[in-house]
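K.L.:
Quick one: the structure is below, questions incoming.
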Amino acid sequence: MEGGAVMTGWKDLPMELLLRIVSLVDDRTAIVAAGVCTGWRDVICLGLTQLSLSWCKNNMNNLVLSVAPKFTKLQTLILRQDRPQLEDNAVETIANCCHDMQDLDLSKSFKLSDFSLYALAHGCPNLTKLNISGCSAFSDSALAYLTGFCRNIKYLNLCGCVRTATDKALQAIAYNCSQLQSLNLGWCDGVTDVGVTSLAYGCPDLRVLDLCGCILITDESVIALANRCHHLRSLDLYYCQNITDRAMYSLANSLVKGKHNLWKSVKSGYNNEGLMNLNISQCTALTPPAVQVVCDSFPALHTCPGRHSLIISGCLNLTSVHCACAIQAHRPVSALPHPAH
């Protein structure tokens, strides 16, 4: 070879080429490759930044205990499980070894306790994305503690975390995580207007909020979001039956208020298009005129087939609400202009 260099075996592969090869194989193969020799181990362990162990159906906890001390440069780790396997000692090992962690998925980890959140708070301060949906054992105090150290969180999934997602926790999130952009509070039925209003004032960059099944919230929550979160793009209010027309009119009016910040949004690179997804299924107190105003205010909301982004299922009184393109599609042929001869 040029320069007199000769490759006598796999161990002589350049680091860049080895990492390129590893990037083309699945995560299981990458773990196996790290055990080929010390050279491969060192390169892979220092170069691998993303890893998913969701394929592991048994002994995931032991696997994490084994690989976390080796893959110390991990920034993304997906540990989603079909059945609970992870225990606190595995999360503690992640926190002790992977200080660059930014994206961590622990969903459905029913065995984890508050100890895991305390460990992450001290070991992974750079977290920007955390999924603990279904982790039913975490307390609101532990989550509040975590947010005090992980202040850069932008994406947080708390779906089904009834004990965790309380007004107390939401107030801590609002105080500590001003950069928050996406929050899933689905089926956290203890959340009230107090918590959501705190979020609206503390997290003005909020763009995606799922309040599905949060049965205690009222118009006050939606009004606060409309007044403060002008970059809100997706709002899920499924089964929030205390929501009335007042909330819908506040959303429509938020477009006008948002235009006052149009120049600031353009300079910041924001796309000022308003709501793109709205789920008001089972919100049976709403009337067609109020919902139609929202639909007319935000062109990205569609009721037409294949583009449903305004979801109104379960609200039989709203069947007359249609987006502009749906109305055009249902016009009789006779109403269309005749082609010129």
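The values are calculated or read from the model by the stated rules, or taken from the named source; none is laboratory data. Computed from a predicted model, the values in this text were never measured in an experiment. A quick note on method: Cβ atoms are made from the backbone with ideal geometry, for glycine too, and the neighbour counts reach across all protein chains shown. Quick note on the areas: whole protein, heavy atoms, side chains included, nothing else; ligands and nucleic acids left out. Shrake-Rupley method; radii C 1.70, N 1.55, O 1.52, S 1.80 Å.
K.L.:
Return only the number of the condition from (1) modelled with pLDDT of 85 or more; (2) over 24 Å from the mean Cα position of the chain (by Cα); (3) over 22 Å from Asp193 (Cα atoms) that His330 does not satisfy.
P.N.:
Answer for His330: the failing condition is (1).
K.L.:
Quick one: Tyr270 ticks every box in (1) part of a helix (DSSP H, G or I); (2) closer than 27 Å to Arg151 by Cβ; (3) modelled with pLDDT under 95; (4) not small (Gly, Ala, Ser) except a single one, so which number is it?
P.N.:
(1)
K.L.:
In the range 44-61, what residues are crowded, with 20+ Cβ neighbours inside 10 Å and at pLDDT below 85?
P.N.:
Ile44
K.L.:
Taking into account only those residues within the range 156-176 that are assigned to a loop (DSSP other than H, G, I, E, B) and without any contact (Cβ under 8 Å) to a residue 40 or more places away in the chain, which is most open to solvent (accessible area, probe 1.4 Å)?
P.N.:
Taking the candidates together, the pick is Arg163.
K.L.:
Could you grab me the full set of residues in the range 187-196 that are crowded, with 21+ Cβ neighbours inside 10 Å and of a type outside the set (A, V, I, L, M, F, W, C)?
P.N.:
Residue satisfying the conditions is Gly195 alone.
K.L.:
Would you mention how many residues in the range 1-37 are part of a helix (DSSP H, G or I), at pLDDT 70 or above and open to solvent by 50 Å² or more (accessible area, probe 1.4 Å)?
P.N.:
Of the residues in that region, 11 qualify.
K.L.:
Something else now. Of the conditions (1) farther than 22 Å from Val194 by Cα; (2) surrounded by fewer than 18 Cβ atoms within 10 Å (Cβ to Cβ), Ser109 fails just one. Which one is it?
P.N.:
Answer for Ser109: the failing condition is (2).
K.L.:
Still on this model: If I filter the range 62-70 for residues that are in a loop (DSSP other than H, G, I, E, B), in contact with a helix residue (DSSP H, G or I) (Cβ under 8 Å, 6 or more places away or on another chain), open to solvent by 70 Å² or more (accessible area, probe 1.4 Å) and within 29 Å of Ser133 (Cα to Cα), do I get at least one hit?
P.N.:
So far as the range 62-70 goes, yes, one or more of its residues are in a loop (DSSP other than H, G, I, E, B), in contact with a helix residue (DSSP H, G or I) (Cβ under 8 Å, 6 or more places away or on another chain), open to solvent by 70 Å² or more (accessible area, probe 1.4 Å) and within 29 Å of Ser133 (Cα to Cα).
K.L.:
Being surrounded by 22 or more Cβ atoms within 10 Å (Cβ to Cβ), within 16 Å of Leu275 (Cβ to Cβ) and in contact (Cβ under 8 Å) with a residue 12 or more places away in the chain is the requirement here; does Leu199 meet it?
P.N.:
no
K.L.:
Let me ask something else. Quick check on Asp205: is it in contact with a helix residue (DSSP H, G or I) (Cβ under 9 Å, 6 or more places away or on another chain), open to solvent by less than 30 Å² (accessible area, probe 1.4 Å) and over 20 Å from Ser309 (Cβ atoms)?
P.N.:
No.
K.L.:
Among the residues of the range 73-106, write down those that are over 18 Å from Cys135 (Cα atoms), open to solvent by 10 Å² or more (accessible area, probe 1.4 Å) and at pLDDT 95 or above.
P.N.:
Across the range 73-106, the qualifying residues are Gln75, Thr76, Thr93, Asn96, Cys97, His99, Asp100, Gln102.
K.L.:
Of all residues in the range 132-155, which are open to solvent by 10 Å² or more (accessible area, probe 1.4 Å) and touching a helix residue (DSSP H, G or I) at 6+ places or on another chain (Cβ under 7 Å)?
P.N.:
Answer for the range 132-155, where residues must be open to solvent by 10 Å² or more (accessible area, probe 1.4 Å) and touching a helix residue (DSSP H, G or I) at 6+ places or on another chain (Cβ under 7 Å): Ser139, Asp140, Ala144, Tyr145, Gly148, Phe149, Arg151.
K.L.:
Evaluate the following for Val191: is it closer than 12 Å to Ser133 by Cβ, of a type in the set (Val, Ile, Thr) and touching a residue at least 24 places away in the same chain (Cβ under 8 Å)?
P.N.:
Considered against the rule, which asks whether it is closer than 12 Å to Ser133 by Cβ, of a type in the set (Val, Ile, Thr) and touching a residue at least 24 places away in the same chain (Cβ under 8 Å), Val191 comes out as no.
K.L.:
Output the residues belonging to the range 224-251 that are in a helix (DSSP H, G or I) and charged (D, E, K, R).
P.N.:
Across the range 224-251, the qualifying residues are Arg228, Asp245, Arg246.
K.L.:
Looking at Asn152 and the list (1) under 30 Å from Ile311 (Cα atoms); (2) at pLDDT 95 or above, which single condition is not satisfied?
P.N.:
(1)
K.L.:
For Ser221, state whether it is in a helix (DSSP H, G or I), among the hydroxyl-bearing types (Ser, Thr, Tyr) and at pLDDT below 95.
P.N.:
no
K.L.:
Of all residues being under 21 Å from the mean Cα position of the chain (by Cα) and small (Gly, Ala, Ser) in the range 64-115, which is nearest to Ser136 (Cα to Cα)? Just the residue, please.
P.N.:
By that ranking, first place goes to Ser109.
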